[in-house]
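The values are calculated or read from the model by the stated rules, or taken from the named source; none is laboratory data. Note that the coordinates shown come from a computational prediction; the quantities given were computed from them, not determined experimentally. No Cβ is skipped: glycine too gets one built from the backbone with ideal geometry, and neighbour counts run over all protein chains shown.
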Amino acid sequence: MSTRPALIVTGADLASQALDILRDFEIVYAGKTPTEPDLVALCRQHDPVAMIVRYGKVGAAVMDAAPSLRVISKHGSGTDTIDKDAAKARGIEVRAAVGANAAAVAEQALALLLACAKSVVPLNARMHAGHWDKATHKSVELGGRTIGLVGLGAIGQRFARMCDAMGMTVLGHDPFAKDLPPYIRPVDLDTIWRESDAISLHCPLTADNANLLNAQTLAACKRGVLLVNTARGGLIDEDALLQAVRSGQVAVAGLDSFAVEPMTAGHPFQGEPNFVLSPHIGGVTSDAYINMGVGAARNVLAVLESTPAAAA
């Protein structure tokens, strides 16, 4: 049995650059679809000092099965799959690899926005079917239009820069953001709904903002608004969004995240012509994979090196 401290990865792999940083640990992989019983069993077997979370949820039961656990490090920026209250109560620090996938997710948001505005998906299908719709089709020109961003962290601000470069007016809402660049006008949410021609979500999912976009807030938006979500699916009431898209209140929705993942056959968005869907791959690029792994690994070391119990 290894004498090195154990580190559990709730996934099947880590970038080699991250493994180099973690060479003093015994790395235990939980696989791509770890369940809570899987993680509890691994924790009881290995008693890890650290976890790197890629897939699955880490709650109190998992933490209680790992009495030596000192840090839970997210392979990415969203920590909603980690019970942070339970971690705090047990003296376990939760860290995120903030900004590690910012470029990748911002680019995905831009791709979805452009796909929605320019009808990329339906025009592609029509072309492959032998049609030439030049005489009948008109796309949306984004230059001169207003985009509202909810969340102005590393991803939101990077996306804002892209939108500004296209000549869009950028409104932003984030009560925690400071020292914003001059091209972002900070506003309240009511102004986002009222004035935006397109809306893009870039905030973490919390108990306070679940179903932030619902029947009431969608009705407050401009008719024909474009909607992009590369954050968390739980920010949107999916039933309300479906009705808003079908009615034309939302012209097109470009979504990279969903309330329940993975999306399974029979989801009501499937087959709807005014939805552009991708399987939560905004942060999945070769560069982001390395950046997130390295960021998560460095966060593990930073916590353990500053925690006396970890050195015992």
Take segment 254-277 and flag every residue that is out of contact with any helix residue (DSSP H, G or I) (no Cβ under 7 Å at 6 or more places or on another chain) and among the small types (Gly, Ala, Ser). ALA265, GLY266, GLY271
Looking at segment 162-174, which of the residues that are out of contact with any strand residue (DSSP E or B) (no Cβ under 8 Å at 6 or more places or on another chain) and either surrounded by 15 or more Cβ atoms within 10 Å (Cβ to Cβ) or at pLDDT below 95 (or both) is nearest to THR206 (Cα to Cα)? MET162
Cross-chain or 6+ apart pairs with Cβ under 8 Å, segment 126-141 first and without any contact (Cβ under 8 Å) to a residue 24 or more places away in the chain, then assigned to a loop (DSSP other than H, G, I, E, B): ARG126/ASP133; HIS137/SER119; SER139/SER119
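Could you say which residue among ALA66, ALA50, ALA18 is within 16 Å of LEU304 (Cβ to Cβ), over 23 Å from the mean Cα position of the chain (by Cα) and touching a residue at least 12 places away in the same chain (Cβ under 8 Å)?
Values: ALA50 fails: over 23 Å from the mean Cα position of the chain (by Cα); ALA18 fails: over 23 Å from the mean Cα position of the chain (by Cα).
Going through ALA66, ALA50, ALA18 in turn, the sole match is ALA66.
Name the strands (runs of 3 or more DSSP E) wholly within segment 1-94 that hold at least 3 residues that are over 28 Å from ALA106 (Cβ atoms) and of a type in the set (A, V, I, L, M, F, W, C)?
Details: elements: 6-10, 26-29, 50-53, 71-74.
Passing ranges, in order: 6-10.
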Could you give me the residue pairs with C-beta distances under 6 Å whose first residue belongs to segment 84-110 and is assigned by TED's automatic domain parsing to the domain that holds THR206 and buried (at least 20 other Cβ atoms within 10 Å of the Cβ), whose second residue is in a strand (DSSP E or B) and among the polar types (S, T, N, Q) wherever it lies, and which are 6+ apart or on separate chains? ALA109/SER200
Of the conditions (1) farther than 24 Å from LEU142 by Cα; (2) surrounded by fewer than 17 Cβ atoms within 10 Å (Cβ to Cβ); (3) under 21 Å from the mean Cα position of the chain (by Cα); (4) in contact (Cβ under 8 Å) with a residue 24 or more places away in the chain, the single one that PRO268 does not satisfy is (3)
Segment 178-221, residues that are surrounded by 14 or more Cβ atoms within 10 Å (Cβ to Cβ) and modelled with pLDDT under 95: PRO204, LEU205
Just name the residue that is modelled with the lowest pLDDT out of those in segment 267-312 that are in a loop (DSSP other than H, G, I, E, B) and among the aliphatic types (A, V, I, L, M). ALA312
